[in-house]
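The values are calculated or read from the model by the stated rules, or taken from the named source; none is laboratory data. Because the structure is a prediction, the values reported are computed rather than measured. Neighbour counts are summed over all protein chains in view; Cβ atoms, including those assigned to glycine, are modelled from backbone coordinates with ideal geometry.
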Amino acid sequence: MRKRMYLIFQDFQTSKEKLFTVTTTDTKLGLKIKELIVVIGIGNSGGDMAVELSRVASQVFISTRRGSWVFNRTADNGMPVDMISLKKSVLKLRKILPPSFFDNMMENQVNKRFDHSTYCLKPKHRITAQHTTINDDMPNRLASGTLTVKPDIKMFTENGVIFDDGTKEENIDVVVLATGYIFGFPFLDKSVLDVKQNHVELFKYVFLPKLEQSTLCVIGCIQPIAALMPISELQCR
């Protein structure tokens, strides 16, 4: 089970912006074309929400602490990017060549599509150090100006937002939280399965090593680079 991970802003209670989570539907948001929106978080959900909202809102700001490397879903010749990057030949080379070689190659490739430094998205970590953001339309929305990248939020005002770099945006109508989840297993005793800092010890990512008999398995408690369901199906086998 997942719990939404809310960021705590002590001054948000005095502001007039509407607060929503990333799972809120467009109907519930009740958006108007002239509204200004701030999306907090640049994971896949936050990126998708920011891009879609930028099509109907007057302006969307996406706030991120560290930035992110942005991939598109297709690689050369229209092939899915995970089919190209996770081929056996590539995986064998990754065991031989240093990680910096692949970091440089992949960073150059994504920067050819759009320069992450130009759009204030370049993070300090290398591209293989953390999960990337998958989004096909974000470069177009950034280039058109309907979506703007902003740093972390310092504080809220009565009707606006002040960011860490000192910039301020007034008359913000909606704030969308895309700050992730904390997962757990509240239906099981902690002596059986305990989650600490979003990490759980599982043998082969399936079996509980502390049980005397392997009568309990966990399926889908993984975070792959590509799709989750095919790997979960293999776990079931």
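Yes/no per residue for (1) part of a helix (DSSP H, G or I); (2) without any contact (Cβ under 8 Å) to a residue 12 or more places away in the chain; (3) surrounded by 14 or more Cβ atoms within 10 Å (Cβ to Cβ); (4) among the basic types (K, R):
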site: G67; (1), (2), (3), (4): no, no, yes, no
site: N77; (1), (2), (3), (4): yes, yes, no, no
site: M106; (1), (2), (3), (4): yes, no, yes, no
site: S117; (1), (2), (3), (4): no, yes, no, no
site: T128; (1), (2), (3), (4): no, no, yes, no
site: V149; (1), (2), (3), (4): no, no, yes, no
site: M155; (1), (2), (3), (4): no, no, yes, no
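Any residue in region 139-146 that is touching a residue at least 12 places away in the same chain (Cβ under 8 Å), in contact with a helix residue (DSSP H, G or I) (Cβ under 6 Å, 6 or more places away or on another chain), buried (at least 20 other Cβ atoms within 10 Å of the Cβ) and not in a strand (DSSP E or B)? Looking for residues that are touching a residue at least 12 places away in the same chain (Cβ under 8 Å), in contact with a helix residue (DSSP H, G or I) (Cβ under 6 Å, 6 or more places away or on another chain), buried (at least 20 other Cβ atoms within 10 Å of the Cβ) and not in a strand (DSSP E or B), one finds at least one in region 139-146, hence yes. Considering each of A178, A143 in turn, give the residue that is under 30 Å from N72 (Cα atoms) and either in the same structural domain as Q223 (by TED's automatic domain parsing) or modelled with pLDDT under 90 (or both). Within the list A178, A143, the selection yields A178.
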